1. Do the conditions hold for PRO90, that is, is it part of a helix (DSSP H, G or I), over 12 Å from the mean Cα position of the chain (by Cα), loosely packed, with under 15 Cβ neighbours inside 10 Å and at negative phi?
2. Determine which member of the set ALA127, ALA75 is part of a helix (DSSP H, G or I) and outside the structural domain of ALA16 (by TED's automatic domain parsing).
3. Could you tell me whether the stretch 5-12 includes any residue that is part of a helix (DSSP H, G or I) and either surrounded by fewer than 14 Cβ atoms within 10 Å (Cβ to Cβ) or outside the structural domain of ARG112 (by TED's automatic domain parsing) (or both)?
Amino acid sequence: MSGTRLSLLPSRYLAAAILGTHVVAAGCVRPALPGWGGIALAAVLLAVGLVVARSRALLGAAASPRALVLGERLAVELANGETLVGERQPGGHVSRFLVTLPVAKRTLLITRDMLSAPEFRHLRLWALWGRLPRHSVAAEQL
């Protein structure tokens, strides 16, 4: 598949947010459920937070995305060598901090620190328009 290839980097900020949320959840369980049951549930919540942060934010799982190929269709290269291909679908979220892309019964969350600034801008434009700009006016002026 031809198109613009964007290699993804692990996101420490997203990992911290995921883990922080699970720490808060574990902290809320302890007073609500006293005894060994509360301790066990809090430990499970912390363990799940670590696993999710590793697979989703730090891109450490076999099914984690490694690269996006933007073209007429979206291709997502996974760490295990598989490729997910899908059309640009409505329902994603685009902001200056993150982009969500629904593809092949999954939703990818790409944060600003997973790509360089120009690559993240290209991803945002592709997510909004379904295509990339052909040329840069600023590059022509320089």
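1. Numbers: part of a helix (DSSP H, G or I): no; over 12 Å from the mean Cα position of the chain (by Cα): yes; loosely packed, with under 15 Cβ neighbours inside 10 Å: yes; at negative phi: yes.
Against the criterion (part of a helix (DSSP H, G or I), over 12 Å from the mean Cα position of the chain (by Cα), loosely packed, with under 15 Cβ neighbours inside 10 Å and at negative phi), PRO90 does not qualify.
2. On the way: ALA75 fails: part of a helix (DSSP H, G or I).
Exactly one residue qualifies, and that residue is ALA127.
3. In the first step, residues of the stretch 5-12 are kept if they are part of a helix (DSSP H, G or I); the result is 12.
With either surrounded by fewer than 14 Cβ atoms within 10 Å (Cβ to Cβ) or outside the structural domain of ARG112 (by TED's automatic domain parsing) (or both) added as a condition, the list becomes 12.
Yes; the residues of the stretch 5-12 include at least one that is part of a helix (DSSP H, G or I) and either surrounded by fewer than 14 Cβ atoms within 10 Å (Cβ to Cβ) or outside the structural domain of ARG112 (by TED's automatic domain parsing) (or both).
Residues are listed down the side, and each one gets a yes or a no for (1) under 22 Å from ALA63 (Cβ atoms); (2) in contact (Cβ under 8 Å) with a residue 12 or more places away in the chain:
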site	(1), (2)
ARG5	yes, yes
LEU19	yes, yes
VAL23	no, yes
CYS28	no, no
ALA42	no, yes
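The values are calculated or read from the model by the stated rules, or taken from the named source; none is laboratory data. These numbers come from a predicted model, not from an experiment. Backbone-built Cβ (ideal geometry, glycine too); neighbour counts: all protein chains shown.
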